[in-house]
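Input: a single structure, listed below in structure tokens.
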Amino acid sequence: MAVAVLLVLGISMVMFTIPAGKADDGLKQTIMSVYFHDHSSGSPDSTARAVVGFPGKLWNLTQFGTLFVSDDPVTEGPDPESAPVGRGQGIFVTTSLDGVNTHVSLSIVFTNEAYIGSTIQSLSFIPANRTK
């Protein structure tokens, strides 16, 4: 039994060992800043809307269980009229009973010529009552 365990561990170590010099061959680093332009529910051009919540409760970002969907324009600069880069599409769910934490699953879907077809995925949480 001990020999079998050692054999499996040894094979696993060999399978998952990558020489340090070859780990980044051919990869190119890209650094970019992008800006999301979110229009809240209630405005006619809303890009983020509450779609599910508890019956009889207010559907807002601080109410536990509220689910939002978003499809925000993403641009190169902070001005909404700056060059479009893509769309920020995803879901937000308030996941803490006190409404402080929101689970976020978001994709940046690039539509500009330089990166068309590429995406960046993000899975995280944010404090719902954060002001900065």
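Brief remarks on what is shown
- Among the residues of this structure, residue 46 counts as one that is among the polar types (S, T, N, Q) and assigned to a loop (DSSP other than H, G, I, E, B).
- Members of the stretch 67-89 found to be under 17 Å from residue 49 (Cβ atoms) and free of Cβ contacts under 8 Å to residues at least 24 places away in the same chain, listed by number: 69, 89
- Condition check for residue 65 on (1) at pLDDT 90 or above; (2) over 30 Å from residue 114 (Cβ atoms); (3) not in a loop (DSSP other than H, G, I, E, B): one failure, at (3).
- Qualifying residue in the stretch 68-86 (condition: among the polar types (S, T, N, Q), part of a loop (DSSP other than H, G, I, E, B) and in contact with an Asp or Glu (Cβ under 6 Å, 6 or more places away or on another chain)): yes
- Of 42, 26, 56, all but one fail to be modelled with pLDDT of 85 or more, over 22 Å from residue 125 (Cα atoms), of a type outside the set (A, V, I, L, M, F, W, C) and loosely packed, with under 10 Cβ neighbours inside 10 Å; the exception is 56.
The values are calculated or read from the model by the stated rules, or taken from the named source; none is laboratory data. Keep in mind it's a predicted model, so treat the numbers as computed, not measured. Positions of Cβ are generated from backbone atoms using ideal geometry, with glycine treated the same way; all protein chains shown enter the neighbour counts.
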